[in-house]
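Here the structure is laid out as structure tokens; the discussion comes afterwards.
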Amino acid sequence: MQFKTTALEGVIECYPTKFEDERGFFFESYNQKLFEANGVPGNFVQDNHSWSKPGVVRGLHFQYDPFEQGKLVRVITGKVIDVVVDIRRNSPTFGQHAKFELDSNVGNMLFVPAGFAHGFVALEETVFLYKCTEYWHKASESGIIYNDPDLGIDWGVENPIVSSKDLVLPSFKDLK
């Protein structure tokens, strides 16, 4: 497994060692000791699973302290552009975002620490899985509108499919 740090402190790309032959492939997708040794905490308490059609945008989601969630995200089938936004007010990269292509053929993953808003756009039919470091807590959930002009995220789709819940998320400047 290879672990790569990114320009946003704490966000880590993970690339498994994939073994392929005429039967298919095998890779270890999670090993707590290995992940912890490379900066990914091992206290995951909840797994989530979604299926999305091409053009679906989910996010940008997060939970407020003390129920902030770190997430280890990956795709099982398909491909997404995964987006993270630094919402840590004391961070030198506060308000900056980064995009990562997660591809089921590659098997790559992304660790998104607490203090980041997270979302993705499905580039093809996609099954998306993620492990969370905290349980879902309705009163603490929030987000940022996906097309916030201050963030200027290019999702790469002309007519995104967005839930009614995500269409009423606040702007970045209106975060509490």
Once phi is turned into ³J(HN,Hα) by the Karplus curve 6.51 cos²θ - 1.76 cosθ + 1.60 with θ = phi - 60°, what whole-Hz value does each residue of region 4-13 show in order, with x for glycine and proline?
10, 6, 10, 5, 9, 3, x, 7, 10, 8
Fully extended contour minus Cα-Cα distance, from N38 to D174, at 0.36 nm per residue:
45.5 nm
For region 85-176, averaging the sequence separation of alpha carbon pairs under 8 Å that lie six or more residues apart and dividing by its residue count, the contact order in percent is 26
Please work out the Cα center distance from region 16-67 to region 78-156, rounded to the nearest Å.
12
Taking Cα pairs closer than 8 Å and at least 6 residues apart, the relative contact order of region 81-120 in percent is 52
Kirkwood Rh, Cα Rg: Rg to Rh for the chain?
0.95
Per residue accessible area in Å² of the chain, where ligands, DNA and RNA are left out and the probe is 1.4 Å
54
If each residue of separation counts as 0.36 nm, what is the full-extension length gain between F94 and D150 once their alpha-carbon separation is subtracted?
18.9 nm
By what distance, in whole Å, do the Cα atoms of region 72-168 stretch along each of the three principal axes, largest value first?
37, 32, 28
Distance cut-off 23 Å, Cα to Cα: go down the list K53/K99; K18/K131; K71/K165; K4/K71; K4/K79; K79/K173 and report the pairs above it.
K79/K173
Report, to the nearest whole %, how much of the accessible area of the chain belongs to carbon and sulfur atoms, 1.4 Å probe, protein only.
50
May I ask you to derive the relative contact order of the chain, considering only C-alpha pairs under 8 Å and at least 6 residues apart, and to give it as an integer percent?
28
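The values are calculated or read from the model by the stated rules, or taken from the named source; none is laboratory data. These figures come from a predicted structure and were not determined experimentally. What goes into the accessible areas is simple: the full protein's heavy atoms, side chains included, and nothing from ligands, DNA or RNA. Shrake-Rupley method; radii C 1.70, N 1.55, O 1.52, S 1.80 Å.
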